[in-house]
Every structure is written in C-alpha cells, then in structure tokens.
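Asker: One structure follows; several queries about it will come next.
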Amino acid sequence: MATIHVAHMSFVFGLLGNIVSFLVYLAPSPTFYRICKRKSTEEFQSLPYSVALFSAMLTLYYAFLKTSALLLITINCIGIAIESIYLAMYMIYAPGRAKIYTAKLLTLFNVGFFGLIMLFTSPIRESSLRLTAVGWICAIVSVCVYASPLSVMAPNILGFGFGTAQMILYTIYKDKKKDILPEFKLQDVPNGTTENGKTEKTETLNETKDSTVK
C-alpha cells in the first residue's frame with residue numbers, strides 16, 4: 001500500500017514538474033514574437049537557447065538510460081522541438097555574423113560536447129555508474145542554462161570596471177594639477193622677460209649708462 005502511495009506521489013510531482021518545465025520553455029515566446037514582428041533579432045543573443053537545446057538533448061539521453069522515465073522523455077522531446085523552433089526563427093532574422101556565431105554554438109554544444117559525452121559514457125558497463133555520471137552532467141548543464149543569460153552582462157561589467165578605474169585615477173590626481181600649473185606658467189613667459197618682470201631691454205640700457213659714466 002505504501003509502495004502504491006509513493007508511486008502515485010512520484011507521478012504527481014513528475015507531472016507538475018513537466019508542466020512547470022513546459023511553461024519555462026514557453027517563457028521566451030514573447031521575445032520571438034517581437035523578433036518576428038520587427039523582423040530583426042536586435043540585441044538578443046542565441047546562447048541561452050543553444051544551451052537550453054543542449055540541456056534538453058542531454059536530459060533525453062539520460063531518460064533513455066533510466067527505466068520508467070516516460071515523463072522525462074515527453075517533456076524533453078517537447079523542449080527540443082520548442083528550442084529548435086526558437087533557433088530556426090533566430091537564424092531567419094539574424095544578421096550574418098549572428099548566424100555564423102549561432103551555427104558555431106550549435107556545432108560546439110549539440111554536436112561536439114553531446115557527442116563526446118555519449119562517446120565517454122557509452123563504454124561504461126555498469127548501468128548505475130553510467131546513469132550517475134550522466135545525471136551529474138545533466139545537473140551541471142541545467143545550472144548553466146539558468147546562468148547563460150548572464151553572458152549579456154559581460155560588456156556592462158567591463159564598462160563598469162573601466163569607469164570605476166577612471167574615477168579612482170581622477171580622484172587621486174585631480175589635486176596635483178595645482179602643483180603642476182605654476183611650472184607651466186614659467187614656461188609660458190614671453191622671450192626676453194625675466195622672472196621679476198623686467199625686460200632685457202632695461203638691462204641693456206643700464207649697461208650703456210654704466211659705460212658712458214666710465
């Protein structure tokens with residue numbers, strides 16, 4: 001009786017998890033509606049959707065290794081379909097450089113990394129060990145899915161750092177301008193003028209007076 005109760009609870013929570021995951025997959029739909037309406041990707045990046053597609057593919061691989069994982073298979077198949085549609089729409093309206101960048105991301109994650117994970121985990125004979133290894137990889141990639149939108153903040157972080165450095169340098173050296181200005185004023189004195197404001201002409205007149213007296 002307790003086993004049946006636990007199985008029912010597991011199914012209920014699994015179903016709720018699938019509903020929440022489905023809503024998460026649909027969250028970027030207003031963004032892509034805007035992209036289709038304006039026919040431009042503007043400043044949007046394809047990295048979050050590429051990583052999300054990679055995560056869905058990897059979790060689907062985990063679901064195939066795990067027995068009785070119909071809910072996992074269902075939601076990740078839906079996720080792969082939705083993320084593929086997002087990326088296809090992005091590729092249609094993205095400029096040339098963004099298309100090349102997106103193609104590189106898809107090749108790196110969904111071909112390179114996914115292929116390497118399958119290559120290194122498939123030879124593991126013990127199914128429980130292979131399942132644990134793939135599960136940990138899925139957990140790490142899932143964290144990266146939620147961290148990938150932070151890549152947009154990288155240029156702003158650099159700009160904040162450089163701006164802070166400029167303010168610090170200005171605060172340090174702003175008072176030293178007063179000490180430097182008098183030196184430049186001495187250099188700006190016209191030719192033939194002494195420090196006391198007397199000209200060379202007056203000095204020559206004094207010399208001529210002395211010579212006449214002699």
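Asker: Would you mind listing the helices (runs of 4 or more DSSP H) fully within the range 1-107 where at least 2 residues are within 28 Å of SER127 (Cβ to Cβ) and in contact with a helix residue (DSSP H, G or I) (Cβ under 7 Å, 6 or more places away or on another chain)?
Answerer: In the range 1-107, 2-26, 47-65, 70-93 are the helices (runs of 4 or more DSSP H) which contain 2 or more residues that are within 28 Å of SER127 (Cβ to Cβ) and in contact with a helix residue (DSSP H, G or I) (Cβ under 7 Å, 6 or more places away or on another chain).
Asker: Right, another one. Within the group LEU58, LEU47, LEU53, which residue is aliphatic (A, V, I, L, M), under 27 Å from the mean Cα position of the chain (by Cα), modelled with pLDDT under 90 and within 16 Å of ASN110 (Cβ to Cβ)?
Answerer: Exactly one of LEU58, LEU47, LEU53 is aliphatic (A, V, I, L, M), under 27 Å from the mean Cα position of the chain (by Cα), modelled with pLDDT under 90 and within 16 Å of ASN110 (Cβ to Cβ), namely LEU47.
Asker: I would also like to ask the following. Out of (1) surrounded by fewer than 13 Cβ atoms within 10 Å (Cβ to Cβ); (2) under 20 Å from SER46 (Cβ atoms), the odd one out for TYR86 is which?
Answerer: Just one mismatch for TYR86, condition (1).
Asker: When both residues are 6+ apart or on different chains and their Cβ atoms are under 8 Å apart, which pairs have a first residue that lies in the range 18-29 and is assigned by TED's automatic domain parsing to the domain that holds ILE82, and a second that is among the acidic types (Asp, Glu) and at pLDDT 90 or above?
Answerer: Within 8 Å, the pairs are TYR25/GLU83.
Asker: Can you tell me which of (1) at pLDDT 85 or above; (2) within 12 Å of the chain's Cα centre (by Cα) is the one VAL152 doesn't meet?
Answerer: (1)
Every residue, every condition in (1) buried (at least 16 other Cβ atoms within 10 Å of the Cβ); (2) out of contact with any strand residue (DSSP E or B) (no Cβ under 6 Å at 6 or more places or on another chain); (3) among the small types (Gly, Ala, Ser), yes or no:
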{"position": "TYR33", "(1), (2), (3)": "no, yes, no"}
{"position": "LYS66", "(1), (2), (3)": "no, yes, no"}
{"position": "TYR90", "(1), (2), (3)": "yes, yes, no"}
{"position": "THR121", "(1), (2), (3)": "yes, yes, no"}
{"position": "ALA133", "(1), (2), (3)": "yes, yes, yes"}
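Asker: Go through ALA69, ALA81, ALA94 for me and flag whichever is closer than 25 Å to VAL143 by Cα and at pLDDT 90 or above.
Answerer: Working: ALA69 fails: at pLDDT 90 or above; ALA94 fails: closer than 25 Å to VAL143 by Cα.
Answer to the check: ALA81.
Asker: Suppose we filter the range 93-103 for residues that are surrounded by 13 or more Cβ atoms within 10 Å (Cβ to Cβ) and either basic (Lys, Arg) or more than 21 Å from CYS36 (Cα to Cα) (or both); how many remain?
Answerer: The number of residues fulfilling the criteria is 1.
The values are calculated or read from the model by the stated rules, or taken from the named source; none is laboratory data. Worth saying up front: this structure is predicted, and the values here are computed from it rather than measured. Because the Cβ atoms are built from the backbone with ideal geometry, glycine has one as well, and the counts that use them run over all protein chains shown.
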